[in-house]
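Structure first, commentary second.
The values are calculated or read from the model by the stated rules, or taken from the named source; none is laboratory data. Treat the numbers as computed from the prediction; the structure is a model and nothing was measured. Cβ sites come from the backbone with ideal geometry, for glycine too, and all protein chains shown count toward neighbours.
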Amino acid sequence: MSGFFRCLIYCVIYNRHMKKVLLIDLGHLAHRYLYAKSADIKAAGYGYLRLMILGHGIFQYISQFRPNEVYIGVDYKKSWRKELTTIYKAQRAGLREKSSDVIDWDGFYIFMEDFVHELRETFPFHTPLVPHLEADDVIGWLAKNLPAEHEKILVSGDGDYVQMLKYPNVKLWSPNQKGYVSGLDPERELMIKIICGDKSDNIPGCRKGVGEKKAIKLIESGELLKLLNEIDGDGKPCEFRRNYDRNMKLVDIELVPAGLNKRLQEHLVTYELADGSKFYDYLIKHRLREMIDNIEKFRNIMRPLIPVKDMSDIFKKCHLRSIS
């Protein structure tokens, strides 16, 4: 039997077994604790943030949802979106400056860089690092391309993730609402965000004064289509259409450059998942007393995620290689 057909058979068998997959946006999780616990972090240092992200964040979600696999989405190096326009997230530096009296931002970024590598080396969580991809790019690709039979639970309070609800078996858990996001049309919400822009990412709206209500009216009345087809005096698309096209490239997860998605796929195929053997030493090294005192609880939470040396890893890699 050829290698291709053997791989094909493995993939068919693997895909029949439904799994529950947890996908966590690390940046969103870290910033939630950074702001909520800024006084404690300032007093105790970033080791306290490590405890919050792990013990009260990631492990809590694993205990709650009991997944078979965990993926951690990470922003890695300069986003590809900043190559499209200098306005993207340009306001962040000013916001950091305003809060610099309570948050040591240089210390935070140094901590986060180290912490991501600690996750990769210590825990049985897939934590892919692909230059120029953001966490939602990684999670969006996984939500779309992991087997449709798998239940995929996304954890983030970022509205960008609503559009991913269009993919099969995807659920979005909002830590802010402490519940699943429901009752929304993902395609419609995406169009509204494209029209209105996104203040948190410094993406302006397509037209000044057009908020959510007016955006909905444009969509429902059919006026949006007319605006998108308008041309200016030079025979070029009107300003609204130019802004719409810009925002769509920045917001629509389907428009992530194909080359970056290919790098992510290749990275996942070769990813070596940690077996958890360094867990205890890690807790000792970073003096995570609260976790040490409850180490069996955390080991039990982590145990189902530890890779077993059998054919399942081959099945998964065959599936990832088969994605065009």
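Quick check on region 283-295. Is at least one of its residues at pLDDT 95 or above, outside the structural domain of Lys144 (by TED's automatic domain parsing) and at positive phi?
Taking region 283-295 and keeping what is at pLDDT 95 or above, we get 283-295.
With outside the structural domain of Lys144 (by TED's automatic domain parsing) added as a condition, the list becomes none.
Within region 283-295, none of the residues are at pLDDT 95 or above, outside the structural domain of Lys144 (by TED's automatic domain parsing) and at positive phi.
Assess whether Leu268 counts as being in the same structural domain as Pro124 (by TED's automatic domain parsing), free of Cβ contacts under 8 Å to residues at least 40 places away in the same chain and buried (at least 19 other Cβ atoms within 10 Å of the Cβ). Outline the logic, then answer.
Numbers: in the same structural domain as Pro124 (by TED's automatic domain parsing): yes; free of Cβ contacts under 8 Å to residues at least 40 places away in the same chain: no; buried (at least 19 other Cβ atoms within 10 Å of the Cβ): yes.
Here the answer is no, as Leu268 does not meet what is asked.
Name every residue in region 178-208 that is charged (D, E, K, R), closer than 14 Å to Asp158 by Cα and not in a helix (DSSP H, G or I), in order of residue number.
We begin by selecting, within region 178-208, every residue charged (D, E, K, R); these are 178, 185, 187-189, 193, 198-199, 201, 207-208.
The next check asks that each one be closer than 14 Å to Asp158 by Cα; those that pass are 178, 189, 193, 198-199, 201.
Within region 178-208, Lys178, Asp198 meet the criteria.
In region 160-170, which residues are under 19 Å from Ile72 (Cα atoms) and surrounded by fewer than 17 Cβ atoms within 10 Å (Cβ to Cβ)?
Hit for region 160-170 is Asn169, nothing else.
Take region 306-319 and flag every residue that is modelled with pLDDT of 60 or more, closer than 23 Å to Glu266 by Cβ and out of contact with any helix residue (DSSP H, G or I) (no Cβ under 7 Å at 6 or more places or on another chain).
Lys309
Let's see how each residue does on (1) more than 26 Å from Leu146 (Cβ to Cβ); (2) surrounded by 16 or more Cβ atoms within 10 Å (Cβ to Cβ):
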position	(1), (2)
Lys199	yes, no
Gly209	yes, no
Glu212	yes, no
Ala215	yes, yes
Lys226	yes, no
Asn261	no, yes
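Considering only region 124-143, how many residues are more than 20 Å from Glu83 (Cα to Cα) and touching a strand residue (DSSP E or B) at 6+ places or on another chain (Cβ under 7 Å)?
6
Does Asn176 satisfy the condition of being over 12 Å from the mean Cα position of the chain (by Cα), closer than 17 Å to Ser200 by Cβ and in contact (Cβ under 8 Å) with a residue 12 or more places away in the chain?
Details: over 12 Å from the mean Cα position of the chain (by Cα): yes; closer than 17 Å to Ser200 by Cβ: yes; in contact (Cβ under 8 Å) with a residue 12 or more places away in the chain: yes.
Yes: the conditions hold for Asn176.
Here are some residues: Ile231, Ile203, Ile194. Which one is more than 30 Å from Pro67 (Cα to Cα) and modelled with pLDDT under 95? Even if it seems obvious, please write down each step before you answer.
Working: Ile203 fails: modelled with pLDDT under 95; Ile194 fails: modelled with pLDDT under 95.
Going through Ile231, Ile203, Ile194 in turn, the sole match is Ile231.
Being within 25 Å of Tyr88 (Cα to Cα), touching a residue at least 60 places away in the same chain (Cβ under 8 Å), surrounded by 14 or more Cβ atoms within 10 Å (Cβ to Cβ) and not assigned by TED's automatic domain parsing to the domain that holds Thr122: is that true of Arg246 here?
Numbers: within 25 Å of Tyr88 (Cα to Cα): yes; touching a residue at least 60 places away in the same chain (Cβ under 8 Å): yes; surrounded by 14 or more Cβ atoms within 10 Å (Cβ to Cβ): yes; not assigned by TED's automatic domain parsing to the domain that holds Thr122: yes.
Yes.
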